[in-house]
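Taking it in order: structure first as structure tokens, then the write-up.
Quick note: the coordinates plus some simple rules give every number you see, no bench work behind them. The structure displayed is predicted, hence computed values, not measured ones. Here the Cβ positions follow ideal geometry from the backbone for every residue, glycine too, while neighbour counts run over all protein chains shown.
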Amino acid sequence: MSLEKSLFCGSCIDYRYRAPCTRKEGRLCDIFRHLPVWNEFFWKVHLELQELSPGELSLVNTYDKRTGYPRCDMTQQVHEKTATLLCHLLTHHHCIVSVDLTSYILKTNIEVICDALCKSASLRKLELSLWHFTTNLSLSFTAALSQLNQLQVFDCSDVLFEHTFSEGLSKFLASTRSLTTLYMSNYHIKHKDAALIIQGLKRNETITTLAITGSLITDTPECSVMLSEYLSCNQTLRVLSVRCASSHNKLRPIIGALCHNGTLLELNLIRCGLYIEYFKLITGMLRQNQTLRSFHMIDCTFYEHDSDPHCWKPEFRSDSSLISLWLMTLAENKALKELTLDLRWIKPDECGSLFKALASNTSLEKVTIDTFNNMDVVHICQALRETGVPERFFVGKHHLLEDTAAALPECKELSCICVEYWFPLELEPLYTTLCVLPTCDHVKSMSLKMDAVMFKGNVGSLAAKYITNTTALRELRLTITFETLHGVDQTVCDWYAVDRPERTLLQALSLNKGIRRLSLKGLCITEAEAQMLVDTLQSSCTICHFAFYPKRECLTSVIPLIQKLSAIVSSNYVLLGMRTVWYKQRRGDTFTVANVVRRNNSLVTRAADFVMGTRHRYCGAAAELVQFNPGLVEKVQELASVNETVAASRIESSLKSFTELDDFMCLAGVVKYSVTCPRRDDGQKQLVDLNRDCWLYIRQFLKVGDILDPK
């Protein structure tokens, strides 16, 4: 059935969109049965209805999740149809709790959509992506925003602010009584607009989670003072994230203000520029602030000279005062429970004293070493072991070097490594790495980047053997270049050679039993190899997330892959994510795969909720379908804050909870308490007369989802 026919000829979506919401406690709205039909239309405009929480729907912008998928030029008819369906969802379906609004939806339908937003009684999260404002659009949207009395989360990180919008947002922030989370724009904000927004924040009494970027922290004294006053006096904020504050003086008002804040629990500095003076401010703040529980510095950049922010160096190696500042801070601060550090500044012989101080701080439960000098990895790992509590420390990604490859087996603190060998002269260190990897069960994630010519001979055999046999590796990202092997002209490639590196890799992957996340980049595969890859995805009980980006000259190899996968993917209950280059002419096949991915994520969401204690019928049915999906284990780990073993045990226990006859029938909605059957006159056995072994045998073939949903 063509998209045009199914979307615009009436009988399908036109009929179903008029149906009211039927959601009740423990029962899904009828719209869930027709999600493929709705999403077949929404896909045209890069939107998708997803079940991000059990029994609730979110209309999500999927454009960024489908890298390479061409943006469609929407006709006026599609614009109007989208607005009609969206407005119906907002006004008639209380199962819709989250909506992403994009510029190509809003630009011609702003009034009707804003009117529908005001009528929604269930909308809790709104994400806005907008780069071109008109005065009318700003006025209409901010007027609607002020009436969203249920809104808890507002994400405007992808909005290019203009003055009218800033005025409306400021008034909304000052008046809202429901908003708890705000994500501010990633783009430049003018000084006068930043001042308006900070004024609104100062009058706000509800926000507990705030994410800002350097664009809100202007260099004007007025804004700096206002922001500092807001942070130092605020009584509701619990989590603050600051991203991309790189220019000088950006962080000063924030760090200084937090010395006096007594309510903030978590501070995240992400991709910020840290000058030498900031470390003195940070350590001073941590000594004075005794309420902060989590402090994280992630992907930050260090500057040695304040006057030269473009000259990056691994700072402070010559400044002995920095280690003493941290030692003093750790001795005085007894409040921090989680800490993320970047240790590119530290000298190797100072690691021991720092880690001992971290270990001696009994309040610290988790310390993450986000970034460090790769040459120092042996010193760092040894110092961690000597603390006596290595389980409290977590080490970030290590870029394996020629000089550190041989030490990998002893550095058991490393779980994530990056291996890059592009040139034939690097064959020996690659060989060493592949020799030691089978003894490194502590390595759970690996990024391997290399030239295909290196697969010749023993190196190729070692790589294939490791990929085949490893059960410890959970994530593998392979990036292969073939210029050295095939040359720039792909016509010289022997597509039928039995020893093709691509085929060797795919054969090894087909035998692997542990990888959960797989990314393949740079390969050129034949149609037969595409079938091998599809067979691997279908037979694998572990691969949940898959990405495939072939070499630029071979992009069309995606077409047979998607075509073959779409034909059989409906039986796959493991795949939770797929990223590749999408082709417009294969839109139907692409949608089929995406719909299965959406379905599987919904099932995992429901199943995890069941494991956590929600005993709805549809959640129990989902748990049976995805009980062996590794993604379910990860979801339970996240929700329950437990390790993998405990999460797996909880899943097993929850499934056993409805093994017996009465428990099963209650969950399935057949009976309320227990199964009873009046005795038959002919004396024949009934369901309750079956012994336990007989019931358990029947139970092997009977699932909760097999029982029709009573209405």
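Some notes on this structure:
- Evaluated over the Cα positions of region 328-470, the convex hull gives a direction-averaged projected area, one quarter of its surface, of 8.8 nm².
- The stretch between residue 294 and residue 436 holds 47.5 nm of extra length on full extension. This uses 0.36 nm per residue minus the Cα-Cα distance.
- Where the alpha-carbon atoms of region 137-203 are placed on the principal axes, they occupy 29, 25, 19 Å, in descending order.
- Cα-only Debye scattering, the chain: base-10 log of I(q)/I(0) at q = 0.05, 0.07, 0.08, 0.10 Å⁻¹: -0.30, -0.61, -0.80, -1.26
- Calculated FRET efficiency for the pair residue 175/residue 229, C-beta based, R₀ 22 Å, to 0.05: 0.65
- For 122, 178, 129, order by how many other beta-carbon atoms lie within 10 Å, fewest first: 178, 122, 129
- Tail fraction, Cα-Cα pairs, region 601-706, threshold 20 Å, whole percent: 44
- 3J(HN,Hα) couplings calculated from phi for region 675-680 with the Karplus curve 6.51 cos²θ - 1.76 cosθ + 1.60 (θ = phi - 60°) are, in sequence order, 8, 10, 10, x, 5, 7 Hz; Gly and Pro show x.
- For q = 0.14, 0.30 Å⁻¹, Debye-computed log10 I/I(0) when each Cα of region 665-711 counts as one equal scatterer: -0.43, -1.17
- Cross-linked pairs 44/584; 192/250; 449/584; 24/44: Cα-Cα separations exceed 22 Å for 449/584; 24/44.
- Remark: region 335-345, residue by residue, has Karplus-estimated 3J(HN,Hα) of 10, 4, 10, 10, 9, 10, 10, 10, 10, 5, 7 Hz, where x stands for each Gly or Pro and the curve is 6.51 cos²θ - 1.76 cosθ + 1.60 at θ = phi - 60°.
- Mean projected area of the Cα convex hull of region 44-166, taken over all directions, amounts to 7.4 nm².
- Percentage relative contact order, region 412-581, counting C-alpha pairs under 8 Å, at least six apart: 18
- Partner aspartates and glutamates whose Cα lies under 14 Å from the Cα of residue 656, excluding those fewer than 8 positions away in the same chain, are identified as 624.
- Each residue of region 539-549 is assigned a 3J(HN,Hα), and the resulting list reads 8, 6, 9, 10, 6, 9, 10, 9, 10, 9, 10 Hz, derived from the Karplus form 6.51 cos²θ - 1.76 cosθ + 1.60 (θ = phi - 60°), x at Gly and Pro.
- Footprinting exposure proxy ranking of 118, 541, 156, fewest other C-beta atoms within 10 angstrom first, gives 541, 118, 156.
- Using C-alpha pairs below 8 Å separated by at least 6 residues, the relative contact order for the chain is 7 percent.
- Mean-position separation - Cα centroids, region 569-617 and region 628-698, in angstrom: 25
- Ranking of 103, 140, 363 by count of other Cβ atoms within 10 Å, fewest first: 363, 103, 140
- Label-point gap, in nm, between residue 659 and residue 337 - each point 7 angstrom along Cα→Cβ: 3.5
- Distance violations [Cα-Cα > 28 Å] among 81/125; 465/521; 444/635; 465/635: 465/635
- Over 22 Å [Cα-Cα, region 412-581], rounded percent: 41
- Taking 18 Å as the straight-line reach from the Cα of residue 337, the lysines in range (excluding those fewer than 8 positions away in the same chain) are 356, 366.
- For residue 300, the residues whose modelled amide H falls within less than 5 Å of its own, excluding neighbours fewer than 5 places apart on the same chain, are 271, 272.
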